[in-house]
Structure formats: C-alpha cells, structure tokens
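Undergrad: Here it is, the structure in full.
The values are calculated or read from the model by the stated rules, or taken from the named source; none is laboratory data. The structure presented is a predicted model; accordingly, all values stated were derived computationally and were not measured. Neighbour counts run over all protein chains shown; Cβ positions are idealised from the backbone, glycine included.
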Amino acid sequence: MYKLVAIDLDGTLLNSYGEVSEENKRAIKQAIQKGSEIVLASGRMPSSVKNIAMELGADKYIISGNGTMVYDLQKEEVIYDTFMTKEKALEIIKICEENSIYYNVYTRNSVLAKSLNYNILFYNNENSNKPLEKRTNINIVEDICKYIKETQDLEILKMTICDSDQIIFSSIIRKLKLVSDIDVLDIEHMSRKRIKNGTTEVPIEYYYTEVSNKNANKWTAIQFLMEKLNIQKEEVMAIGDNANDKEMVENAGLGVAMGNSMLAANHIGDIVVKDNNSSGVAEAIDIYINQEE
C-alpha cells in the first residue's frame, strides 16, 4: 500500500478554473480512510495550500514553495525549510527590473507583486470566489526592493518570473542561469489558465519560470517526511504535471504523470492518467489505493 501520496495542485489536483473536482475529493477522502497520508505539494504559499488541504481532510502536513517548506498543520509550525536569502532575492529582482520583466516574490505569508497580472491575476480571480480567511494574500507593492530590505524576518520561499513574449522570456532565463546557488525551473510550455467573467471565459497565457534555492524541491521535502514518518521510498506515490514535480515523480515508488502534461510528453513517471480537467488524480488513487484488497 502507498502510505504517502504527494499531490501537486495547479495542473494536477486543480482543474483549469482552480477547483477540486468532486471525483478527486471523493478519492482522496477514501484513501485517507484507508490509512494513506495525503500531502499536498505545491509551489504556492502555505496559506493557499493549507486551505485546500483542510477542505480535503488532508490535515497533517503540506509542502509549499516547491519544497522550500514543510508545515505541520496539527502543530501549526514549520518543521523544515530552506528559505531564499534577501540578498539572493534582490540579485534576481535586479535582473528583472533591468529587463522590465514581470516577477513576484512568494513569502511565507503573502505574494509580493507590483500589479495584478499573469499568475497573480489568476490568484486574484480565485480569491473573488472564496471567503476572506481562505484567500491567497496578495500584497501589491510599488517598490519591492525597498519592501524586502526594510521588512524584518522575511521568509522568502521562491520567485516567479513571467512574460507573454517567448523571445524576451528566453533571454531572461539565460541570464538567470548565470546566478549562483539557485535553481531555475526549465518549463517548456506556456501556462494556460481560464477565468470566468460572467458568461464568458478569459484566457490567461504566459511563459514562466520559478526560482528557488539550490536543491530546494518537492522530493527533498518528501524525503524529510519519509524519515519523520518511517516510510520507505516504495511506499510513496507522487502525482504531478510540471517541471517542479519532476524530481518527486521520478523518485517516488510510483510516479504518476498527468495526461497532456510536460512530464507525460517527456515520458517521465511510471504511469500516465487523465488530465487535470478529467480527475486524473482520482484515477490514480482509485486504481492503486482505493481498489486494493
């Protein structure tokens, strides 16, 4: 039996509207009843991951910031972290500012951004459908450099860098890869999400990358939990769709790639399931956990 199931959020558990399907909810709750530890592993900030986890009953641990932090939901405390230093964040921001490219900074408590655009626009739309206490905390800041320098005890999880122009974006990626002691995600495709505006749908499409400390990834965070919970690699299932899920899907006892994902296209993982709009997470959990005798 798979004792620990690590599940990515965007593009995996969540559909294109940022929702968890009823099928996914049912499968996860059934797996928890059978004794599996469900751990949401996301690039999002902790509060955003926590809200979804609590709704699902996956109320023990969450992984946020692409593995930068593990949070104990029962004790309400950080039990593992590898935060980015202010100096490193400012170095990356300087590159973005000099090249007029959009970026945001994920801290433990909020996402810092200069405007509502790209991923932040999507999160803001999600917020409009949630009660205040469950919203992603978006902090619009005119001078992010100044804010970072002046804020004491700022815990930086990661940075996201976005642009709609592939040539401009590729140029920034080359410059970021010259920065020491960071990992720059190689994401090959455009992010394509949708928001509802009345009876119409508005597409949000952009190229993006995520920057974190060197060797900060979801699998490293999972290994911390494996040791803590005395779980073996063969007892871990990992489900994901994107470059930030690559390590956990490659290394888990069972690696599950979402259909039509970057991982599936590159033959990464042991099996491929339906896409995030077709409850692929439920498919994997039902086959390998819920239907077990």
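Undergrad: Are any of the residues in region 92-112 over 24 Å from SER180 (Cα atoms) and surrounded by 14 or more Cβ atoms within 10 Å (Cβ to Cβ)? Spell out how you get there, then give the answer.
TA: Here is the first cut: in region 92-112, the ones over 24 Å from SER180 (Cα atoms) are 109-110.
When the remaining residues are screened for being surrounded by 14 or more Cβ atoms within 10 Å (Cβ to Cβ), the result is 110.
Yes, region 92-112 contains a residue that is over 24 Å from SER180 (Cα atoms) and surrounded by 14 or more Cβ atoms within 10 Å (Cβ to Cβ).
Undergrad: Still on this model: Taking the options ASN230, ASN276, ASN266, ASN215, name whichever one is surrounded by fewer than 23 Cβ atoms within 10 Å (Cβ to Cβ), among the polar types (S, T, N, Q) and in contact (Cβ under 8 Å) with a residue 24 or more places away in the chain.
TA: None of the others qualify; the one that does is ASN215.
Undergrad: Just give me the residues in region 184-222 being part of a strand (DSSP E or B) and either hydroxyl-bearing (Ser, Thr, Tyr) or in contact with a Pro (Cβ under 9 Å, 6 or more places away or on another chain) (or both), in sequence order.
TA: First, the residues of region 184-222 that are part of a strand (DSSP E or B): 184, 191-197, 200-213.
Across region 184-222, the qualifying residues are SER191, ARG192, LYS193, ARG194, ILE195, THR200, TYR206, TYR207, TYR208, THR209, SER212.
Undergrad: Here is a further query. Somewhere in region 72-79, is a residue surrounded by 19 or more Cβ atoms within 10 Å (Cβ to Cβ) and touching a residue at least 40 places away in the same chain (Cβ under 8 Å)? Can you show your working first?
TA: Start the filter on region 72-79 by keeping residues that are surrounded by 19 or more Cβ atoms within 10 Å (Cβ to Cβ), which leaves none.
Scanning region 72-79, I find no residue that is surrounded by 19 or more Cβ atoms within 10 Å (Cβ to Cβ) and touching a residue at least 40 places away in the same chain (Cβ under 8 Å), so the answer is no.
Undergrad: Can you pull out every residue in region 112-122 that is over 10 Å from LYS193 (Cβ atoms), under 17 Å from the mean Cα position of the chain (by Cα) and at pLDDT below 95? So that I can check it myself, show each step before the final result.
TA: Within region 112-122, the first condition is being over 10 Å from LYS193 (Cβ atoms), and the residues that meet it are 112-117, 120.
Narrowing further to those that are under 17 Å from the mean Cα position of the chain (by Cα): 112, 120.
Selection gives ILE120 alone.
Undergrad: What residue, of LYS146, LYS158, LYS130, LYS94, is assigned to a strand (DSSP E or B) and either on the phi > 0 side of the Ramachandran plot or basic (Lys, Arg) (or both)?
TA: Numbers: LYS146 fails: assigned to a strand (DSSP E or B); LYS130 fails: assigned to a strand (DSSP E or B); LYS94 fails: assigned to a strand (DSSP E or B).
None of the others qualify; the one that does is LYS158.
Undergrad: If TYR2 passes every condition in (1) part of a helix (DSSP H, G or I); (2) in contact with a strand residue (DSSP E or B) (Cβ under 7 Å, 6 or more places away or on another chain) but one, which one does it miss?
TA: Just one mismatch for TYR2, condition (1).
Undergrad: Hey, which of the strands (runs of 3 or more DSSP E) in region 10-82, taking only ones fully inside, have at least 3 residues that are in the same structural domain as ALA282 (by TED's automatic domain parsing), within 21 Å of GLU210 (Cβ to Cβ) and among the hydrophobic types (A, V, I, L, M, F, W, C)?
TA: Hits in region 10-82: 37-41.
Undergrad: State whether one or more residues within region 55-71 are in contact (Cβ under 8 Å) with a residue 60 or more places away in the chain, over 30 Å from LYS177 (Cβ atoms) and crowded, with 22+ Cβ neighbours inside 10 Å. Lay out the reasoning, then the answer.
TA: Taking region 55-71 as the starting set, the residues that turn out to be in contact (Cβ under 8 Å) with a residue 60 or more places away in the chain are 61, 63-70.
Pick out the ones that are also over 30 Å from LYS177 (Cβ atoms) and you get 61.
Checking which are crowded, with 22+ Cβ neighbours inside 10 Å leaves us with 61.
Yes, some residue in region 55-71 is in contact (Cβ under 8 Å) with a residue 60 or more places away in the chain, over 30 Å from LYS177 (Cβ atoms) and crowded, with 22+ Cβ neighbours inside 10 Å.
Undergrad: From the list ILE93, ILE140, which one is touching a helix residue (DSSP H, G or I) at 6+ places or on another chain (Cβ under 8 Å) and modelled with pLDDT of 95 or more?
TA: Values: ILE140 fails: touching a helix residue (DSSP H, G or I) at 6+ places or on another chain (Cβ under 8 Å).
Residue meeting the stated conditions: ILE93.
Undergrad: May I ask you to say which residue of SER42, SER36 is at pLDDT 95 or above and more than 15 Å from the chain's Cα centre (by Cα)? Walk me through how you get there before you give the answer.
TA: Values: SER42 fails: more than 15 Å from the chain's Cα centre (by Cα).
Checking each option against the conditions leaves just SER36.
Undergrad: Next question, about the same structure. So, THR151, is that one within 21 Å of LEU9 (Cα to Cα) and among the polar types (S, T, N, Q) or not? Reasoning before the result, please.
TA: Numbers: within 21 Å of LEU9 (Cα to Cα): no; among the polar types (S, T, N, Q): yes.
No, not satisfied.
Undergrad: Which one of MET237, MET248 is under 16 Å from the mean Cα position of the chain (by Cα) and either on the phi > 0 side of the Ramachandran plot or not in a loop (DSSP other than H, G, I, E, B) (or both)?
TA: Exactly one residue qualifies, and that residue is MET248.
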